[in-house]
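The values are calculated or read from the model by the stated rules, or taken from the named source; none is laboratory data. On a predicted model such as this, the values are computed, not experimentally measured, just so you know. Cβ coordinates were reconstructed from backbone atoms using ideal geometry, including for glycine residues, and neighbour counts include every protein chain displayed.
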Amino acid sequence: LDICGGCERIRNTRVVTSYRLFARQCVWLYLITLPWGIVDTFGWWTILLTAMLSYFMLGLEIVAEHVEEPFGLDEDDLDLDGLCRTIEVTTTEIFDRRLARQAGSVQTHKG
């Protein structure tokens, strides 16, 4: 039950929009000003280096957005249906064993 409550808190806790926007603006500001900071050192390689760093930084931002919502229906989200099936099978096995044990103990008391 504690696990369900924890999952519910994760689902209902949203990243503050202002934080998300601020982080996105910082990434863009960094990427826009980056060429001026490295052009003296790398020359024409600045274009390639800036493009590569932009690809990785913006990719990280996209990954962070997907990680924010692990309980959705996207392909990379948690397989909650599979998890629920596993829990159902496991609890059914536990209850079946307990019922079989209780039925066995009732039989021995009668006999």
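Checked against the criterion of being of a type in the set (D, E, K, R), assigned to a loop (DSSP other than H, G, I, E, B) and either surrounded by 10 or more Cβ atoms within 10 Å (Cβ to Cβ) or at pLDDT below 90 (or both), the candidates Glu88, Glu65, Glu75 yield just one match: Glu75. Every condition in (1) loosely packed, with under 12 Cβ neighbours inside 10 Å; (2) at pLDDT 90 or above; (3) of a type in the set (Ser, Thr, Tyr) is met by Tyr30 except one, and the failing one is (1).
Conditions tested, residue by residue: (1) closer than 14 Å to Glu65 by Cα; (2) among the hydrophobic types (A, V, I, L, M, F, W, C); (3) in contact (Cβ under 8 Å) with a residue 12 or more places away in the chain; (4) assigned to a helix (DSSP H, G or I).
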site	(1), (2), (3), (4)
Cys4	no, yes, no, yes
Glu8	no, no, no, yes
Arg24	yes, no, yes, yes
Leu34	no, yes, yes, yes
Thr41	no, no, no, yes
Ile47	no, yes, yes, yes
Thr50	no, no, yes, yes
